[in-house]
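The numbers here are math on the coordinates, done by the rules we state, and not lab data. Every value quoted in this text rests on a predicted model; they were computed, and no experiment measured them. Heads up, the Cβs are rebuilt from the backbone with ideal geometry, glycines too, and the neighbour counts pull from every protein chain shown.
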Amino acid sequence: MLDIKHHGAVQGVTGSCHELFIDSDQSVLVDCGLFQGAETSGSGADSNSLEIDFDLSAVQALVITHVHIDHVGRLPYLLAAGFTGPIYCSKPSAKLLPLVIEDALKVGVTRNASIIKACLDRLASQLVPLDYKVWTNIPLNNNAKAQVQLCRAGHILGSAYAIFRVEGDDFCRPKGTTYRTEGAADRQLQGTIQQKYWDVLFSGDLGAPYSPLLCAPQSPYRADQLVLESTYGDRNHENRATRRQRLQQSLEHALSDSGTVLIPAFSIGRTQELLYELEHIIHQNKQKAVSKTRSGVSLNWEDIDIIIDSPLASRFTDVYRSLASYWDDEAKRRLSSGRHPLSFEQVTTIDDHATHLQTVSYLQRQTRPAIVIAASGMCAGGRIVNYLKALLGDARNDVLFVGYQATGTPGRDILKYHNKPNGYVMFDGERYAINAKVQQISGYSAHAGQRDLLNFINRMRVKPQKIHLVHGDDGAKRTLKGLIEKEYPKCEVVVP
Ligand SMILES: [Zn+2]
């Protein structure tokens, strides 16, 4: 068994950062994410103190599972703390990562162009883009040997789970476990078997099967030790068709009174998935009446304005389009049939701040319904905040949550208090009444549901001996732990 220290995503779902010890004084870091809301590392770091709060002396390399800010947001602090090793990520992630880091620096650290450039140059010099499913040696000292392989995780474009294969003589599997060497038949172990290597898998964020645009994650052949996310360890999602239908119904309901529908969404991944789904809804329902202007003129689906108010999201959408070779077959088919799943007529993207402010006040006085997608996904900052401040008080408007809302974020408060008498949410020290209608489509998640998580383990031919559950609220982790223990009594399940 290998030692793993968890520096984040232990108390909740943000700040992902795990340290795998190859031997007593060499380690590899997996992700280095930002904390959001009330979540902390437990040893000093939180959403306000972002400095690296653990010893870096053993860290030889960093592996990035995907480019969401809660997995990469503290990378500039890691570089500032003196980390000079290789940074491994998938090829699509390597294209997306500089945009995320640049934005994180601008939002949270500095607008000084030369500092930003220095940080991005440093990042580029350490970045090692990897193909999926290819083993890569990690440079180590003292004859230690370890390799890493990235496999598609189906969470956002470029997302991966990482398998580390660590060589050594003292790894063993106990009697009674089913074991199969690659290519051979399953057999029950009669005695303890020595293994020459040990595979440790870090799931990163695992996607649900049939996510728009993305290939579904497939389980690896084996994992001896598994660090598994558990965001939805206590819930299952609806299937793809149901959730698209629910999205369409929620939007039709919301648009029926001519208001604005606000969808808080991560700029990366979720926004592109929503665009992809909206294009399909419009494609199938072009002539269907969905709303009216204030003066009573009937509007069809193809007349509805969709506003993407996020410079980062629109830059990301461009990169997503340039990476169409990584899309799933369905998305490629739509593209080759002449459709434009990520850039269609009804979409307006807003870049500069002045236009953003104009749009907010226009929508406050508006006479036409609209759909606005803006970050951040949990309403903890970003342009969505100005929209919420301006539009939450009007009962004609709707807020539609499609993603997970962490404890302590305004998003969670809106969900919790919207149907309470005099419900309100705080932004910048002020109360904002919630009169807008609030809906949540929980099935619409970029994360695997409970059954998907269990299937991920179940489909491995050689099952883990130890599973560390991270990246989930207490209830989700407890429920999932119980289910795994019941199904695999020989597996040790820990909740760090
Ligand atoms: Zn993520």
Ordering 292-299, 380-387 by per-residue average of other C-beta atoms within 10 angstrom, highest first, gives 380-387, 292-299
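Over segment 240-444, what is the mean sequence separation of C-alpha contacts under 8 Å (at least six apart), divided by residue count, expressed as relative contact order in percent?
28
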Residue-ordered couplings for segment 14-31, obtained by feeding phi - 60° into the Karplus form 6.51 cos²θ - 1.76 cosθ + 1.60 and rounding to whole Hz (Gly and Pro as x), are 10, x, 3, 5, 10, 10, 9, 8, 6, 9, 5, 10, 9, 9, 10, 9, 10, 6
Expressed as a percent, the portion of alpha-carbon pairs in the chain spaced more than 42 Å apart is 18
Low-density loop chymotrypsin sites (Phe, Trp or Tyr not before Pro), segment 87-146, at most 14 other Cβ within 10 Å, DSSP non-H/G/I/E/B, are 135
For segment 240-444, percent of DSSP beta bridges that are antiparallel (nearest 5) comes out at 25
A correct Karplus calculation of ³J(HN,Hα) over segment 349-360, with 6.51 cos²θ - 1.76 cosθ + 1.60, θ = phi - 60°, whole Hz and x for Gly and Pro, returns 9, 10, 9, 7, 5, 4, 5, 4, 5, 4, 5, 4
quick shape note, segment 240-444: Cα extents on principal axes in Å, largest first -> 51, 38, 36
Residue span residue 288 to residue 141: 0.36 nm per residue of separation minus Cα-Cα distance leaves a gain in nm of 46.4 nm
For the chain, percent of DSSP beta bridges that are antiparallel (nearest 5) comes out at 45
Kirkwood calc, segment 411-496, C-alpha pairs only, radius in angstrom 16.0
On the formula 1/(1 + (r/R0)^6), with r taken between the Cβ atoms of residue 322 and residue 49 and R0 of 30 Å, the FRET efficiency rounded to 0.05 is 0.25
The pairs in 288/332; 145/196; 95/332; 106/389 lying past 18 Å Cα-Cα in this model are 288/332; 95/332; 106/389
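Assuming R0 = 56 Å, can you tell me the calculated FRET efficiency for the pair residue 122 and residue 295, based on Cβ-Cβ distance, to the nearest 0.05? Please list the in-between numbers first.
Values: r = 56 Å, r/R0 = 1.00.
The pair residue 122/residue 295 has a calculated efficiency of 0.50.
For an R0 of 30 angstrom, estimate the FRET efficiency from the Cβ-Cβ distance between residue 348 and residue 389 and round to the nearest 0.05.
Once the sixth-power term is evaluated, E becomes 0.90.
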Scattering profile of segment 190-312 from the Debye formula, Cα beads only, expressed as log10 I(q)/I(0) at q = 0.11, 0.17, 0.18 Å⁻¹, is -0.56, -1.01, -1.09
Residues meeting the amide H criterion for residue 232 (H placed from the backbone, H to H distance under 5 Å, 5 or more places apart or on another chain) are none
